[in-house]
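Colleague: Encoded as structure tokens, here's the structure I'll be asking about.
The values are calculated or read from the model by the stated rules, or taken from the named source; none is laboratory data. No experiment lies behind these values; they were computed from the predicted model shown. Cβ sites come from the backbone with ideal geometry, for glycine too, and all protein chains shown count toward neighbours.
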Amino acid sequence: MKIKFVAKFSKDLRKIKDQKLLSEIKTVVNECKLAQTLDDIKNLKKLKGYQGFYRIKIGDYRIGVAIINDELIFSRFLHRREVYRFFP
């Protein structure tokens, strides 16, 4: 799949200091690049009430993604208690 990053996503990543968590994020991004369909992405779940918006679970954190024109857009990376307040 094609992948695009929003500036807010990059800003959220700069705040993370845990190297293990950052390596897990890299793994997820590479997995998304290689995925042919959405079913190939682990821990991906559609958000109720929002068409085209999904979340990817990584421990206590969530990656907010949107799918527009067959392009996976990484929008936010926040703790689970904050992500649904700021995404979508």
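Colleague: Would you be able to tell me the number of residues in segment 32-58 that are of a type in the set (Asp, Glu) and modelled with pLDDT of 95 or more? So that I can check it myself, show each step before the final result.
Modeller: Taking segment 32-58 and keeping what is of a type in the set (Asp, Glu), we get 39-40.
With the extra rule that they be modelled with pLDDT of 95 or more, the set shrinks to none.
Residues in segment 32-58 being of a type in the set (Asp, Glu) and modelled with pLDDT of 95 or more: 0 in total.
Colleague: Among the residues of segment 19-49, how many are outside any helix (DSSP H, G or I) and closer than 13 Å to ILE3 by Cβ?
Modeller: Number satisfying all stated conditions: 2.
Colleague: While we're looking at this one, here's another question. Can you find even one residue in segment 50-69 that is farther than 15 Å from VAL6 by Cβ, out of contact with any Lys or Arg (no Cβ under 9 Å at 6 or more places or on another chain), aromatic (Phe, Trp, Tyr) and not in a helix (DSSP H, G or I)?
Modeller: Yes, segment 50-69 has at least one match.
Colleague: So, one more: When you check ARG76 against the structure, is it free of Cβ contacts under 8 Å to residues at least 24 places away in the same chain, on the phi < 0 side of the Ramachandran plot and among the basic types (Lys, Arg), yes or no?
Modeller: Considered against the rule, which asks whether it is free of Cβ contacts under 8 Å to residues at least 24 places away in the same chain, on the phi < 0 side of the Ramachandran plot and among the basic types (Lys, Arg), ARG76 comes out as no.
Colleague: Checking the conditions here, which among LEU38, LEU78, LEU21, LEU34 is exposed (fewer than 13 other Cβ atoms within 10 Å of the Cβ) and of a type outside the set (Phe, Trp, Tyr)? Give the steps one after another, and end with the answer.
Modeller: Values: LEU38 fails: exposed (fewer than 13 other Cβ atoms within 10 Å of the Cβ); LEU78 fails: exposed (fewer than 13 other Cβ atoms within 10 Å of the Cβ); LEU21 fails: exposed (fewer than 13 other Cβ atoms within 10 Å of the Cβ).
Exactly one of LEU38, LEU78, LEU21, LEU34 is exposed (fewer than 13 other Cβ atoms within 10 Å of the Cβ) and of a type outside the set (Phe, Trp, Tyr), namely LEU34.
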